[in-house]
Amino acid sequence: MQSLRDIRREIKAIGATRQIMLTMKRISSARIRKAQKQMEQGRPFAQKMALMIDNMRRDIENETSPVRQLPDYKFFDASASGCKNAGLLLITADKGLCGAFNAMAIRETLKWIKRNDSVEKYIFVVGKKGRDFLARLKIPRLHIAGEIVGIFPRASYAHASMIFETIRRLTYDNKVCKVDLIYNNFKSMSSQALVSKTFLPFNFEEIPGEEDLSDFIFEPDMLQIFLTLLPRYIGANIYRFLLESQAAELAARMNAMEAAAENAGGIMAGLGVQLNKVRQETITNELTEIISGANALEA
Amino acid sequence: MGQNKLRLQIITPQRPVLDKRVDFVALPACNGEMGVLPGHIQYVAKLNYGVLRYKDGAQEGTFAVMGGLAEIEHNNVSVFAEDAALEDEIDIEEERQKLVKAKAALSAHDSDIDMELAEMEIKKALLLLKVKSKHPKL
C-alpha cells in the first residue's frame with residue numbers, strides 16, 4: 001500500500017504535467033489563429049495563379065503548342081508513359097503530442113510504399129516525424145529525394161518553392177513523372193482529414209477558371225510566361241498544403257492536450273479520494289491502538 | 001475616381017500587399033521598365049527583381065518586387081511577385097544584418113536547403129538595399 005507521502009507526491013507530479021498540457025493547448029490555440037490567417041492571406045495568389053494557368057489551357061492542350069516540347073509539360077501530361085517510378089510528397093509534423101496526426105500520415109505512407117512495391121520510389125518528406133520514420137525503414141528501391149525539417153510553425157512560400165524545385169529536378173531526370181501527396185488537411189478546429197491523392201500531373205478539371213486570355217500580349221513570349229507561371233502555380237499549391245498541415249497539426253495538438261489535461265484531472269481526483277482513504281485509515285488505526293492501550297491499562 | 005484610373009494590386013503568396021487606385025504604374029518588366037497608363041492593352045509580362053513605382057495624383061510610392069508576373073487587363077494591373085516590400089518599410093540596418101547572416105550561413109555549408117534559403121535571402125536583401133539607397137523619384 002502507498003504511503004501518504006507517495007500519493008501526495010504523485011498528485012503534485014500529475015498536477016504539474018497537467019499544467020504543461022494546458023499551456024501547450026493554449027499556445028496551440030493562439031498559434032492556430034495565426035495559421036488560419038496565413039491560409040486566408042495566401043488564397044488570392046493561389047486562386048489567381050490557377051486562373052492564369054487555366055487561361056493558358058488552350059495553348060497547353062493544343063498539340064502543336066511549343067509548350068509540349070518543354071520538360072515542364074510533363075506536369076500536365078496525364079498520359080505520360082515511359083516512366084513507372086513513383087514520387088511522393090509527405091507532410092508530417094516536427095513534434096509529437098498531437099494525437100494520431102503523424103501516425104495516420106505514416107500509416108498511409110506505408111500503404112503507398114506497399115502499392116508501389118515493384119518500382120523505384122522517391123519521397124520528399126517534410127517534418128521531423130516523417131523524416132525519422134523513413135530513416136529507420138530498410139526498404140529496397142526507396143529513396144529520400146529531399147527533406148525539410150523544423151519549418152513549423154513558420155512555413156513560408158520559400159519552402160514550398162524549394163520543394164517544387166526538387167520535384168522538378170526529379171522530373172527532368174526522368175526519375176518520376178507522377179507525384180502523390182499525403183498530408184493532413186485542416187477541416188475545422190476539432191477535426192483533421194488525412195488526404196492521400198495524386199498531385200502531379202494536374203487534373204485540369206480541378207482548376208477553376210472562366211477568363212479568356214487569348215487577346216493578351218505576352219512579354220517576352222508565351223513560353224517564358226508559362227515557365228514563370230508554372231512554378232508559382234505549383235508552389236502556391238504546395239504552400240497551401242504546408243499551411244493546411246501546419247494548422248491541422250496545431251488543431252490536433254490542441255485537442256490532444258485538452259483530452260490529456262482532462263484525463264490528468266480525472267486521475268488527480270481519484271488519487272485525492274485514495275489519499276483521504278489512506279489518511280482516514282491511519283487515523284483509525286492510531287485511535288484503535290490508543291483506545292485498546294487505555295483499555296488495557298484500566299483492566 | 002473615374003474610368004481613367006488603374007487598379008493596382010500587388011499579391012504575394014504570403015499575402016495581398018496592396019490594392020489601390022492609381023494614375024500610373026512603372027513595372028520592372030524583363031525587357032526593361034514598362035510604364036502603364038489607363039487604357040493599356042491586355043498584357044502579361046514577366047518581371048525582374050526590381051523597382052515598381054506608382055503615382056496617384058501627387059502621391060508616389062515605390063515597391064521592391066521580387067520577380068514574378070504582371071497582368072494588365074481592363075485597367076486592372078495585378079502584380080504577382082514572390083515577395084514585395086514598400087520602400088518606406090525597408091529597414092536598412094535590418095537588411096544589412098540579414099545580408100551578413102545569410103552570407104555567413106552560405107559559407108557555413110550546412111545543408112542544401114539552408115544554402116538555397118540563404119541565397120534567396122541575399123538576393124532579397126541586396127535588392128531592398130539597392131531600392132532604399134537609390135531612392136528613385138518619378
(message) Any residue at all in region A:131-154 that's touching a Lys or Arg at 6+ places or on another chain (Cβ under 9 Å) and among the acidic types (D, E)?
(response) yes
(message) Quick check on region A:163-170. Is at least one of its residues in contact with a helix residue (DSSP H, G or I) (Cβ under 7 Å, 6 or more places away or on another chain), under 25 Å from B:P13 (Cα atoms) and within 14 Å of chain B (Cβ to nearest Cβ)?
(response) yes
(message) Suppose we filter region A:1-36 for residues that are within 23 Å of A:L271 (Cα to Cα) and either touching a Phe, Trp or Tyr at 6+ places or on another chain (Cβ under 9 Å) or part of a helix (DSSP H, G or I) (or both); how many remain?
(response) 20
(request) Find the residue count for region B:48-72, including only residues that are within 12 Å of another protein chain (Cβ to nearest Cβ) and open to solvent by less than 10 Å² (accessible area, probe 1.4 Å). (result) 7
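Report whether or not A:A269 is surrounded by 16 or more Cβ atoms within 10 Å (Cβ to Cβ) and either touching a residue at least 24 places away in the same chain (Cβ under 8 Å) or farther than 26 Å from A:F202 by Cα (or both).
No; evaluated as a whole, the condition is false for this residue.
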(message) Looking at A:G87, A:G127, A:G96, A:G146, can you tell me which residue is open to solvent by 10 Å² or more (accessible area, probe 1.4 Å), in contact (Cβ under 8 Å) with a residue 24 or more places away in the chain and small (G, A, S)?
(response) A:G96
(request) For B:K103, state whether it is more than 10 Å from chain A (Cβ to nearest Cβ), at pLDDT below 85 and over 20 Å from B:R15 (Cβ atoms). (result) yes
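Go through region B:75-99 and report how many residues are within 14 Å of chain A (Cβ to nearest Cβ) and either touching a strand residue (DSSP E or B) at 6+ places or on another chain (Cβ under 8 Å) or among the β-branched types (V, I, T) (or both).
The initial filter retains those residues of region B:75-99 that are within 14 Å of chain A (Cβ to nearest Cβ), namely B:76-84, B:98.
Right, trim to either touching a strand residue (DSSP E or B) at 6+ places or on another chain (Cβ under 8 Å) or among the β-branched types (V, I, T) (or both) and you get B:76-84.
So the answer is 9.
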(request) Within region A:170-186, count every residue that is surrounded by fewer than 21 Cβ atoms within 10 Å (Cβ to Cβ), of a type outside the set (A, V, I, L, M, F, W, C) and modelled with pLDDT of 90 or more. (result) 1
(request) Any chance you could count how many residues in region A:101-123 are small (G, A, S) and either in contact (Cβ under 8 Å) with a residue 24 or more places away in the chain or buried (at least 19 other Cβ atoms within 10 Å of the Cβ) (or both)? (result) 1
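The values are calculated or read from the model by the stated rules, or taken from the named source; none is laboratory data. Owing to the predicted nature of the structure, the values given are computational and were not obtained by experimental measurement. Every residue, glycine as well, gets a Cβ built from its backbone with ideal geometry; the counts of neighbours run over all protein chains shown. Just the protein is used for accessible areas: all its heavy atoms, side chains included, with ligands, DNA and RNA removed. Shrake-Rupley method; radii C 1.70, N 1.55, O 1.52, S 1.80 Å.
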